[in-house]
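Peer 1: Take this structure first; my questions come after.
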Amino acid sequence: MPTDPTRRATPRKPSAQPLAAPTNGEIRLIGGRWKRSKLAVADHPGLRPTPDRVRETLFNWLGQDLAGWRVLDAFAGSGALGFEAASRGATEVLLLEHDQTLALHLQTAARRLEATMVRVVRADALGWMARREVSGLDLVLLDPPFGANLFDAAVRAALPLLTPDGWLYLEADRAFDEAACAAWGCRLHRQGRAGLVHFHLLQRGDARAADYTGA
């Protein structure tokens, strides 16, 4: 079951060598087992890896130790969010990516890191989640393409996949308030902003009530 998101744990010492420098760009993982390891970023229209600052804030909110967690990164893209979760001890991390080129990049990264807990599936995220092929997830990570306006549909598809006290991360081009989250059937735990990126940590509505806290 998910741990208290306010609990912190000391990241483990990295045990993997950094990835080779990619041709089209790279990002670095910022915590856990593979801290400072590099992920190749494909030269792909619309690809927008989650910024370092945002990833750092998110995993400070969740706690650095995700041991035993089952995680879905539904619009994986560069894989930054999903690999950060795996680096912090998540037992299962599923990366969904519709684009073939990006899916191949994710598979290559998983092999180089020897991330055996990471599985890459080439699929449309909304359709895959709607089929409810998994359940009992501790965390779903949602960073859909901003221009496609998939935020409402993605949240509604993801929530049934979570445990009753599971967490949902939403990255968007706008802020969603407590009323919007309540309409989805979840509560807004924390939110923040970095430039044009708004990010939210939500929890299923049947979870234990807690105070709303801003970033």
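Peer 1: Taking all protein chains together and a probe of 1.4 Å, list THR57, THR50 from the most accessible to the least accessible.
Peer 2: Sorted by accessible area, descending: THR57, THR50.
Peer 1: So who's got an amide H within less than 5 Å of the one on LEU137, skipping anything under 5 residues away but keeping other chains? H placed 1.01 Å off N, in plane.
Peer 2: Placed amide hydrogens put LEU162, THR163 under 5 Å from LEU137.
Peer 1: If you don't mind, there's one more thing I want to ask. Calculate what fraction, in whole %, of the accessible area of the range 60-215 sits on carbon and sulfur atoms when a 1.4 Å probe is rolled over the protein chains.
Peer 2: That share works out to 48 percent.
The values are calculated or read from the model by the stated rules, or taken from the named source; none is laboratory data. Not measured: the values here are computed from a predicted model. Just the protein is used for accessible areas: all its heavy atoms, side chains included, with ligands, DNA and RNA removed. Shrake-Rupley method; radii C 1.70, N 1.55, O 1.52, S 1.80 Å.
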